[in-house]
Structure formats: C-alpha cells, structure tokens
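Presented below is the structure to which this report refers.
Derivation of every value follows stated rules applied to the coordinates shown; laboratory data play no part. Quick caveat, the model's predicted, so the values are computed rather than measured. Backbone-built Cβ (ideal geometry, glycine too); neighbour counts: all protein chains shown.
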Amino acid sequence: MMRMRSRFDFAARLARRALVPFGLLPFALAVAVLATSCSTDAGALLVDAGAPGADARDEPPPPPDHLTGAEYDAPSDFDRIGCEPGTLSGLDPVGVWHHDTDGDFGVWNDAYGIEERQGGYSAWLGTERTRDVRLDDDDLFVRTVYQTASGHLVVRAFDACRRDDDGSLWGRYAQCSTRYVEYFGFPCLTGTFRGVRVERMPGEAEGEGITLLGEFAGSPSDPWETGIAVNVRVEDGLAYVVRHSDGLRIVDVDDPTQPRDVGRYYSGGYNDVKLVRGPGGRRYALCSSDYLGIDSIDVTDPAQPSLAATLPDLGYSWSVHTLFTVGVLVYFVDGTTGGLEVWDYSDPAAPARLGGYVHPDVGAVGGSIHDLYVADGRAYLSYWNIGFVVVDVTDPAVITQVGQFDDYERRTSHSSWVTEVDGCKVAVHGDEDFGAHLRTIGVDEDCPDTFMKQIGELTLRPEVSVHNLMGQGTLAYASWYQDGIRVIDVADPAAPRLVAWFNTWQGGPGKSFFEGAIGIDVDAATGRIYVADEPRGLLILGQE
C-alpha cells in the first residue's frame with residue numbers, strides 16, 4: 001500500500017481543482033502539473049543568500065500557523081535529528097539533484113538544479129530561480145520565496161544535512177503557500193528527502209543501436225523559444241508536436257536531416273496529440289490540455305491549421321491530460337472526475353459522448369487515470385494511486401472492470417502497451433516516480449496463471465523515471481526522461497531485456513524531476529523514432 005497521511009483524502013480531492021494549475025501540491029497529488037513542472041501562475045523573485053550555516057538555537061521553532069515569507073530561512077529552522085555535521089565537507093553541489101521525499105502528504109519526487117553564479121551558486125526550484133544557496137561542511141541549503149500572479153506567497157526550502165557513503169544527500173524540506181492556508185488551514189508541508197545527483201548512466205555512450213538523424217526546435221529566424229515539447233505524432237511525412245505554453249507545431253520531416261516548420265496553431269499549451277480523419281477525408285489533430293479540454297484542429301492544410309471545435313461544456317471545466325484513438329472512437333482521461341470518457345469523433349467538429357467509467361475507489365482514496373491504451377475492446381487504464389486497471393469497453397455505455405493490478409507500493413501507474421507473447425496477452429507497464437519500474441503484467445483471462453500478475457520487471461536506476469510506452473511486436477519503446485529512449489525486448493516477459501538506447505538528455509537545467517525524453521512515436525515503415533524532448537524539441541532517431 002501507499003504510505004499516506006490522514007490529510008491525503010482531503011488533499012486528493014483538491015488535486016483536480018484550483019490548486020493544480022498553480023503547481024503547489026506534491027507530485028502524487030497534482031499529476032498534471034508535475035508531469036510538466038510548469039506553473040501557469042508563477043512570478044519569480046530572486047533571493048540573495050544569507051550567511052552560511054545554522055544559528056545557535058538548540059531547538060527549531062514550531063511550525064508556523066500563517067505565512068510571512070520569513071519562514072524556513074536557515075537550516076536551524078528544521079529539526080536537526082538525523083543530521084551528521086561535517087559530512088558535506090568537500091561537496092561540489094553543481095548539477096541536477098533528484099529527491100525522494102516523504103512527508104505530510106505521503107511520498108513523491110522533487111528536484112533542483114544548481115549551477116555556479118557570480119562566485120557562489122544559484123538554483124532552479126521548479127520554475128523559480130534563486131540565489132539563496134548556502135553550502136558549508138554541515139549543510140546544503142536551498143530556498144526560494146516568490147509571489148504568484150494571483151498574489152499567493154510561496155516559500156520552498158531544502159536543507160541537506162547529511163551525506164551518506166553512496167554519495168546521496170539526506171535532509172528536510174518545507175513547502176509553504178498562503179493558498180495552503182485557504183484550503184487546508186495550515187501553510188506548510190514538511191518532511192524528509194533523499195537526494196541523488198543525476199548524470200548520464202555510467203559507461204554509456206550517446207547511443208547503442210540508435211543514431212540521431214535530425215533535431216529541430218524552430219528555424220534560426222523563428223526558434224521555439226516559449227514552452228517545452230511534450231508529445232508527437234507523425235503521419236505522411238508531417239510531425240505534429242504539442243508543446244506547453246505554446247500549442248501545436250507542424251513540422252515537415254520527410255527529410256529527417258532537414259526538418260522545417262510548416263504550420264502552427266497557438267494556444268495556452270497542450271499535453272497530448274492524436275490524429276483522426278473526418279468527413280471528406282479531412283485530417284484533424286486532437287490536442288488535449290489539462291486546462292482547455294480537447295481542441296479539434298483541422299490540419300487538412302498543414303500551413304493553415306484552424307480550430308474546428310472544443311470538447312462541449314458539460315457544466316464544468318474539462319481537464320484532459322491524455323487521449324487514445326481507435327478509428328473514430330476517442331478515449332480520454334477526464335481529470336475532473338478521475339475517470340474515462342468515450343466519444344464518437346466521426347465528425348471531429350461535432351463529437352458525441354458514448355459513455356464513461358470512474359473506478360469505484362476514486363471517491364475513497366483519490367486518484368485519476370494518467371494515460372491509457374485501447375485494443376480489442378479493452379481499455380488499459382493507468383490509474384494513479386489505484387493501480388493498473390483493465391476495463392471492457394465493447395459497449396461504451398456499459399463499461400465493466402475486467403481486472404486490476406495493484407501489487408506494488410506507490411501505485412504511480414503511468415503508461416502501458418499490450419502485445420502477445422506465446423499466445424498470451426501481456427502488458428508492458430511503466431510507473432512514473434522515484435524508483436520507477438517497467439513491469440510485464442499478464443492481462444489475458446485465458447492465461448490464468450499470469451492474469452493480472454507481474455511476470456517480470458526492468459529497472460534502470462531509482463532517480464530517473466519512465467514516461468511513455470509504445471511498441472511493435474515484442475519490442476517496447478520507452479521515453480525514459482533523463483535516460484532518453486530505451487528499447488526493451490519482452491519476448492521473454494519474465495526477463496525484459498534492454499537492447500538499444502539513445503541518451504537525449506544533455507544535462508540540466510534541473511527545473512523538474514521530469515526532464516528529457518517525454519513523448520514518443522515510432523514509424524513501423526521506416527523504423528524512425530520521433531521524440532518530443534522537453535529541452536531540445538523534436539528529435540528524429542534511426543535504428544541500426
């Protein structure tokens with residue numbers, strides 16, 4: 001079971017409401033924000049560092065009951081139990097640090113990136129950059145204070161006060177907001193963390209079995225400066241790239257060595273994209289947003305994309321993180337209810353609802369579908385906080401549960417893909433968190449020995465997470481954030497085997513636990529792999 005505190009049920013209900021766009025909740029509670037580490041309500045305030053080290057108080061002050069902006073401004077404001085003075089002597093803090101945190105709202109991940117700056121250091125904490133970075137033999141202290149555009153005061157502080165033999169750092173954190181006071185009645189979340197420096201996997205070259213053919217983030221005269229790439233779909237030589245804080249970019253990739261911009265539809269930003277055909281053979285890009293719902297964008301003329309429709313208003317604001325298409329049927333995540341929606345998009349300008357499904361445990365424990373895969377009348381739902389859930393969608397008006405896999409602790413189910421091995425259907429499943437696993441799970445009722453059980457697993461390292469999955473035959477292709485693209489052979493599902501990779505991440509900036517390769521599409525005809533890489537844009541890879 002997940003380790004959750006008594007406040008969790010209350011917080012989980014809020015995670016799909018007004019707090020989510022502000023990026024103020026931990027990852028396990030605010031899926032949509034931390035998957036991108038983007039805040040739509042941020043205003044940075046650089047804070048100068050004070051004197052290093054802790055003050056002379058023997059006991060830390062009690063937790064605040066309101067917020068002034070002066071909270072947690074020194075290591076001594078934290079409980080010092082567990083600290084080991086002197087163990088940070090000689091530490092070089094520069095780099096990206098990923099955290100496994102454990103606190104008031106359970107367990108989740110976090111990150112910061114530290115770089116040298118004007119004789120000292122600066123750090124990224126989320127989208128905020130701070131100069132309040134203090135290092136001595138006892139502590140590495142990082143803190144930021146800023147005010148959001150809507151006027152909410154935010155304080156974030158980390159104090160690493162012990163270095164263990166494996167080089168990891170241990171310490172305490174606090175994350176405070178006046179918005180927490182409004183919703184919870186208290187301003188600060190606190191707890192402990194273990195920090196691990198993230199670098200390229202030891203001994204790995206840039207690629208093995210995969211090479212870079214092309215890279216594109218706009219032309220020199222019109223670079224993609226705002227936003228980050230998050231997903232991509234390719235059809236007929238055109239790549240449809242969706243980006244946060246930007247929208248849809250259409251790129252000619254017919255010559256992978258010379259990609260070029262063709263068209264753009266600007267919006268507040270999208271998270272996922274799929275392609276469908278409408279009446280008269282018109283082509284539509286269905287772009288989903290955590291804040292806007294689904295935009296049906298007519299891309300029949302890729303140089304002049306235009307909005308055909310937005311998902312109808314059913315009385316509340318749609319939050320659609322991801323979607324999946326099978327013919328004219330569109331299956332998507334309704335982040336507001338935490339459930340599945342099924343719509344007929346035979347006319348993408350006028351979609352019609354067919355049915356939906358919400359897991360019965362959502363009300364009790366919280367949770368929402370993060371991503372999904374659909375094939376042969378079954379939807380495979382990556383249900384955050386609940387597990388991997390399989391439902392029968394043969395009749396969208398009457399969706400029933402077929403099975404559930406939840407035999408792991410943190411249940412950060414994120415993405416899956418299903419294939420057949422030795423006559424049995426097997427799901428390749430990835431969870432998204434510190435300590436993420438790629439698991440093979442039996443999903444075939446006709447194979448009862450493995451049905452809804454883990455068959456095998458593959459892990460790389462706990463500090464880097466899996467993201468999206470897709471596959472062909474018995475090869476699974478995974479975008480694996482800072483570990484780039486990984487190709488896994490699941491011909492023996494009991495022993496998934498890494499057979500190829502390409503390291504897309506070039507280091508930094510460390511704004512989020514979730515940086516690097518995030519979106520992926522594989523062209524079966526050419527063998528090309530198209531990658532939406534957050535800092536780099538669109539990458540086109542070839543398989544050797």
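Annotations
- Each residue of region 518-523 was assigned a 3J(HN,Hα) from its phi angle through the Karplus expression (A = 6.51, B = -1.76, C = 1.60, θ = phi - 60°), giving 10, x, 8, 9, 10, 8 Hz with x at Gly and Pro.
- Residues Tyr291, Tyr266 in ascending order of nearby Cβ atoms (within 10 Å, fewest first): Tyr266, Tyr291.
- Percentage, to the nearest whole number, of Cα pairs in region 179-242 over 20 Å apart: 67 percent
- Phi to ³J(HN,Hα) by Karplus 6.51 cos²θ - 1.76 cosθ + 1.60 over region 527-538, Hz, x for Gly, Pro: x, 6, 10, 9, 10, 8, 10, 3, x, 9, x, 9
- Surface/4 estimate of mean projected area, convex hull on alpha-carbon atoms of region 295-393, nm²: 6.8 nm²
- A simple rule links phi to the HN-Hα coupling: the Karplus curve 6.51 cos²θ - 1.76 cosθ + 1.60 with θ = phi - 60°, which for region 73-85 gives 9, 7, x, 5, 6, 9, 4, 9, 4, x, 6, 10, x Hz, with x for Gly and Pro.
- Residue-span extension gain [Glu206 to Ala350] - 0.36 nm each, minus C-alpha spacing: 47.2 nm
- Amide proton proximity set for Gly339, modelled H, under 5 Å, gap of 5+: Asp334, Ile369
- Length released on extending from Val94 to Arg131, taking residue separation times 0.36 nm less the Cα-Cα span: 12.0 nm
- Highest average packing first - 469-475, 222-228, 502-508, Cβ atoms within 10 Å: 502-508, 469-475, 222-228
- Inter-label distance for Asp489 and Thr336, nm, one decimal - labels placed 7 Å from Cα along Cα-to-Cβ: 4.8 nm
- CD proxy at 222 nm, helix term only [per DSSP H run n ≥ 4: -39500 (n - 2.57); per residue of the chain; nearest 500]: -1000 deg cm²/dmol
- This ranking places Leu329, Leu539 by how few other beta-carbon atoms lie within 10 Å of each, fewest first, which gives Leu329, Leu539.
- Placed amide H near Ile210: partners under 5 Å, 5+ positions off or other chain: Trp501, Glu544
- Förster radius 35 Å - calculated FRET efficiency between Asp102 and Thr300 (Cβ-Cβ, nearest 0.05): 0.10
- Cβ crowding within 10 Å ranks Arg129, Arg117 as Arg117, Arg129, fewest other Cβ atoms first.
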